[in-house]
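Q: Please find one structure pasted underneath; my questions will follow.
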Protein chains: 4
Amino acid sequence: MKTIGVLTSGGDAPGMNAAIRAVVRTGIDKGIKVMGIQRGYNGLLNGEIFEMNRTSVSDIIQRGGTILRTARSDEFKTVEGRKKAYNVLKVFGIEGLIVIGGDGSFTGAQKLSDEFDVKTIGIPGTIDNDLAYTDYTIGFDTALNTVLDAINKLRDTSTSHERVSIVEVMGRRCGDIALFTGLAGGAEYIIIPEREYNFDNLCRTIIEGKVRGKVHNLILLAEGVGGAEDMAKKIEEVTGIQTRATVLGHIQRGGSPTAFDRILASRLGARAVELLVEGKSKRVVGIKDNKVIDVDITEALNMKKESNDNLYDLAQILSY
Amino acid sequence: MKTIGVLTSGGDAPGMNAAIRAVVRTGIDKGIKVMGIQRGYNGLLNGEIFEMNRTSVSDIIQRGGTILRTARSDEFKTVEGRKKAYNVLKVFGIEGLIVIGGDGSFTGAQKLSDEFDVKTIGIPGTIDNDLAYTDYTIGFDTALNTVLDAINKLRDTSTSHERVSIVEVMGRRCGDIALFTGLAGGAEYIIIPEREYNFDNLCRTIIEGKVRGKVHNLILLAEGVGGAEDMAKKIEEVTGIQTRATVLGHIQRGGSPTAFDRILASRLGARAVELLVEGKSKRVVGIKDNKVIDVDITEALNMKKESNDNLYDLAQILSY
Amino acid sequence: MKTIGVLTSGGDAPGMNAAIRAVVRTGIDKGIKVMGIQRGYNGLLNGEIFEMNRTSVSDIIQRGGTILRTARSDEFKTVEGRKKAYNVLKVFGIEGLIVIGGDGSFTGAQKLSDEFDVKTIGIPGTIDNDLAYTDYTIGFDTALNTVLDAINKLRDTSTSHERVSIVEVMGRRCGDIALFTGLAGGAEYIIIPEREYNFDNLCRTIIEGKVRGKVHNLILLAEGVGGAEDMAKKIEEVTGIQTRATVLGHIQRGGSPTAFDRILASRLGARAVELLVEGKSKRVVGIKDNKVIDVDITEALNMKKESNDNLYDLAQILSY
Amino acid sequence: MKTIGVLTSGGDAPGMNAAIRAVVRTGIDKGIKVMGIQRGYNGLLNGEIFEMNRTSVSDIIQRGGTILRTARSDEFKTVEGRKKAYNVLKVFGIEGLIVIGGDGSFTGAQKLSDEFDVKTIGIPGTIDNDLAYTDYTIGFDTALNTVLDAINKLRDTSTSHERVSIVEVMGRRCGDIALFTGLAGGAEYIIIPEREYNFDNLCRTIIEGKVRGKVHNLILLAEGVGGAEDMAKKIEEVTGIQTRATVLGHIQRGGSPTAFDRILASRLGARAVELLVEGKSKRVVGIKDNKVIDVDITEALNMKKESNDNLYDLAQILSY
């Protein structure tokens, strides 16, 4: 393995830069040439490729976003697109490709390795924590703290007005952001795709809380369930308590990564390079039981994420 | 003046607690009894009134929201309501009333003083900075920094995706939050109620920026103009560049107040008590040319806020 | 088990309040009376004990410090002291005691259980992460992010002046704060009690970095090695590059706990109560391989913390 | 005026980058060539000069420190040094020089203009707020908020341990950082060079506070008085209350500038260029009574800063 490439793909996540830095510096430490590919698979198809050195990744470990940029590519989803990508990689002498992104990005890597002679390794970079094979994805911890910061601010105003606050956070299929921030933020109610919820029960909780003297109620709602504005109106109708919805949106993707995400990204980035050096391919790296692991990419994509029932139940007991 | 009351009314703002603290401690320092009135004019009508001492306001200078809570009151908007409020004040021996809030709250104080024998002083507590007689209102500076923090996070993800970001911030009649954060955040475009804007010109700016190599475009939009989502769609249509809207919402009202807001609130709170001691009534306190001032409440409400053309023009020159 | 007590002891740590909240609400959920003991073992001896209900722990999950206060007690270190403590517990009907603190606090619990008929469970609350039986202690993650925030600010000024910055962080026997923030902060050098370091080598790294164009150098130094000021002078002498030392001090103990610490504290607090309910005693709870565990207290205190050689080596490769 | 230069000198301050950006973009907007001079007067002597365009200052408004770097220069303090600097300026065609810094930097500009045919304008960039002619210097507001953030963290741990906290902040001759943060942070005592303080009185305040039930005491101490560690020991001796000193150090110079500092810097940077265009020289820009002003540099340097007795007295009344 003389030359490897690295790209970021799909939605960006805080800590992607720390992962890029780890890939580049570990690669160079092992005598490998590292090529940065800009704008994901799209940039790969366009040949937006340049050699990176130690200085290319100076002063980025603390930066949100990705210096390699990211983009979606419809062309790469076709066999013809991937054939072209393979040719570009060959022209640049890139034997191994490290892809930082979520499951869509991993599927791309999987197909590229299946169809052509390219070694690929995936690093899980997404705030959603929706990959079953790893306990945590890069960016998740930062997103949690960003949401908690927003909740803190909403609590001020919600308490002053004695309102109910509904906070809709990211997570289409996976409610982990809502669940973890609901537990950590002391939310009265958490609504996630993995669990049924009962609107009457929700309203009863709010009314009972008011009777007991609660001055604000916080509801965490995952994007995958959605409908924050409508829910606010219905709650206000039923309970008679002012209710406001806040959809946090893209601020959840930004911000300087936390210690946790920077360290996770550094470890996974380094491990991805090691795997390529060991001649491995079609693996994704992750963290399981506090240890760095690697898993076959197809196996990883087929795993079904278990829902965190323990945390959900704990949140219910503690919020009451 | 033996006994005074203090209440917060309307939307809450960071720094209201610092103002309450200043009122209470200055009052006690001058040998006056200070009564806290909860939930604005509504609580006044309900007799939610309690004596405050130095300890009642311990450890609140750094807290967002208002420990006195706030609420709207339709009853107080009627003469009968105000008559009732006057009676409650008399029963509690409250001779002077300090009202912390925006123009709606000031109008209430004005009428109460006009119709009954109650001395009133207003303190400007609102994040909107929409009161013409004062350079700054309490909470404005904190809101600016909250918005800048959100912009910083959006910049990360917006840059990674090379998108246009539209950020809609609070301010119905007054675009100051959008204007000041647009200037301070390096926005490419600022859209406020005080100034016409031209959609074609906006799109041209974005396209020209792209040609010059700009990797993200930030548009600050005041609530008073509104329509962030629609605007995003139209910009994407015209420019072909991905555009995302974020409506920041109520997080703008929360957060620990900045140094500026805490000091402003402390100065204005203390001055409000002094005015009552001097026998003044129907005055509002503020800051003009870096000096604490007080103005007749009717005069203050009739002033028309001038638009900050200098800052708007400066923002345009610097953003280009 | 009808009545349990909870106290915080030793140095405070962010997340202690989240742990108290979890103990109280889990206890009440299980039909147990929960008594709060103020000021650690000292308050126990003084009978500073009061019943806690759900509302006692409202709105504290996001607060740093400990609402139960903490203090050191010399008296409790004597058998007579512990005898007295036992009597106080009996008088208040407290059958099980949950102690939130570090190894000194755990030793107190251990002795109390050995000598008298009191069931004890320990929860690891300390920013130092110096307990071998658990992967993480409550407060550690928050301290890491506090240090990273300080490093970010120092980087600004250090880069502007092209200086070397030495940052001394907490950790007497255990260098984990220095190690983790060194890795996450991109430090050029990390000096911890667990590893030898070579001053000449350090200076050579700095000089080589300058030659390669590095504009700032960051050295993370654990309190257990210490001597930041002297080291700064010596480095300046040898390298000719301006060097400044910053001893971060007690700000590392404060701040709103991170998501990680709040969730860890919630899980461990709930588990501690369960253990008492199960009739267990002399156990400490922790997290190992991402799972909540409990360990015999004596065993836990005798374990020797392994040094994190992997992370240290990784930091060296990535910082170069 | 066809070509101007800009440099930053002395200690760095948050907002310097915003000022540089305003100088560059305003200059270009007026058809002027703007040269960036690196490392202050030192870099000027070395000819470290390069042309800046709009893109040179992209994405810096939110960054702490100074992209132009800063350094001290002994050589420039001599007439020979300034003669050399003049020659370098001539070679590069620089007719007007904008100097961003404190009084030392202004003195350099003053002498350069006195001795040679160079037009100079000063912009006040220093966190100390120690320039008499302007109400605020660039960086002061950010430093205040950085200190308040540290105070918040110390309050957590100080309250938990019921300690006295002494916080030593920057400010050699001018106690404004200590005064403003003392007022805004609710400090029990503020010690600044401008005012005598009485140690016995300080201890009495602490003891009385304890009797009244205060759980923590915060003392703000300006660097110009200094001696935090010794003071802590003496207070502990006299009052019997644990006392801890924290010297905040260089983190006060860093961090992303606040809205206030970015706007101030933008306005002053633009005005400095306008003055050069108007043919002015030996002026310093500032803000007085909320208006941008400019003052003769010699006059400015000779003004004596008045002490803020109002704020000091207010802090005393409110802290009690």
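Every number in this text was worked out from the coordinates using simple rules, so none of it is lab data. Note that the coordinates shown come from a computational prediction; the quantities given were computed from them, not determined experimentally. Using ideal geometry, Cβ is built from the backbone for each residue, glycine included, and neighbour counts are taken over all protein chains shown.
Q: Over the protein assembly as shown, what is the percentage of antiparallel beta bridges among all DSSP beta bridges, to the nearest 5?
A: Within the protein assembly as shown, antiparallel bridges account for around 25 percent of the total.
Q: How would the stretch B:1-124 be classified by its alpha-carbon gyration tensor: rounded, prolate or oblate, with rounded meaning a/c under 1.5 and the a/b versus b/c comparison settling the rest?
A: Oblate, because a/c is 1.5 or more while a/b does not exceed b/c.
Q: Using the Karplus curve 6.51 cos²θ - 1.76 cosθ + 1.60 with θ = phi - 60°, what ³J(HN,Hα) values do you get for each residue of the stretch C:111-126, in whole Hz, with x for Gly and Pro?
A: 5, 4, 6, 5, 8, 9, 8, 10, 7, 10, 9, x, 10, x, x, 6
Q: Follow-up. From the phi angles alone, apply the Karplus equation (6.51, -1.76, 1.60; θ = phi - 60°) to the stretch C:9-23 and give each ³J(HN,Hα) in whole Hz, x where the residue is Gly or Pro.
A: 9, x, x, 6, 8, x, x, 4, 5, 5, 5, 4, 4, 5, 4
Q: Under 24 Å between alpha carbons: how many lysine pairs meet that in the stretch D:211-296, if sequence neighbours fewer than 8 apart on the same chain are excluded?
A: 5
Q: If you filter the stretch D:1-56 for trypsin sites (Lys or Arg not before Pro), then keep DSSP loop positions with at most 13 other Cβ within 10 Å, what is left?
A: D:K2
Q: Something else: With a cut-off of 16 Å, note down the residues of the stretch A:88-132 whose backbone N falls inside the zone around a label point 7 Å from the Cα of A:N302 toward its beta carbon.
A: Within reach of a label on A:N302: A:107, A:110-111, A:114, A:132.
Q: So what is the relative contact order for the stretch B:141-253, in percent, with contacts set as C-alpha pairs under 8 Å and at least six apart?
A: Relative CO of the stretch B:141-253 lands at 39 percent.
Q: On to the next question. Rounding to the nearest 10 and keeping the result within 0 to 90°, find how far the Cα-based axis of helix D:309-319 lies from the longest principal axis of chain D.
A: It works out to around 40 degrees.
Q: Continuing with this model, one more query. For chain D, what relative contact order do you get, as a whole percent, if you take Cα pairs closer than 8 Å and at least 6 residues apart?
A: Here the relative contact order equals 23 percent.
Q: Dipole of the stretch A:141-253, Cα-centred, from +1 at each Lys and Arg C-beta and -1 at each Asp and Glu C-beta, to the nearest 20 debye?
A: 160 debye
Q: Follow-up. Return the whole-Å distance between the Cα centroid of the stretch D:145-221 and the Cα centroid of the stretch A:24-58.
A: 51 Å
Q: Let me know the shape class of the protein assembly as shown, please: from the alpha-carbon gyration tensor, a ≥ b ≥ c as square roots of the eigenvalues, rounded when a/c is under 1.5, otherwise prolate if a/b is greater than b/c, or oblate.
A: The shape class here is rounded.
Q: Could you tell me which of rounded, prolate or oblate describes chain D, using a ≥ b ≥ c as the square roots of the eigenvalues of the alpha-carbon gyration tensor, with rounded for a/c under 1.5 and, failing that, prolate when a/b is larger than b/c and oblate otherwise?
A: Here chain D falls in the prolate category.
Q: Short version: ³J(HN,Hα) in whole Hz for each residue of the stretch C:43-58, in order, from phi by Karplus 6.51 cos²θ - 1.76 cosθ + 1.60 (θ = phi - 60°), x for Gly and Pro, what are they?
A: Once θ is set to phi - 60°, the couplings for the stretch C:43-58 become x, 4, 4, 8, x, 7, 10, 8, 6, 10, 10, 3, 6, 4, 10, 5 Hz.
Q: Amide H neighbours of D:V247 under 5 Å, counting only residues 5+ apart in sequence or on other chains, H built in-plane at 1.01 Å?
A: D:E168
Q: Pull up the DSSP beta bridges for chain B and report the antiparallel fraction as a percent, rounded to 5.
A: 25 percent
Q: Only four residue types carry charge here, +1 at the Cβ of Lys and Arg and -1 at the Cβ of Asp and Glu. Report the dipole size of chain A about the Cα centre in Debye, rounded to the nearest 20.
A: 920 debye
Q: Within the set of other residues whose C-beta is less than 10 Å from the C-beta of A:T70, count the net charge using Lys and Arg as +1 and Asp and Glu as -1.
A: +1
Q: Longest exposed-loop-site-free stretch of chain B, with GluC sites (Glu not before Pro), DSSP loop and at most 11 other Cβ within 10 Å?
A: B:1-195
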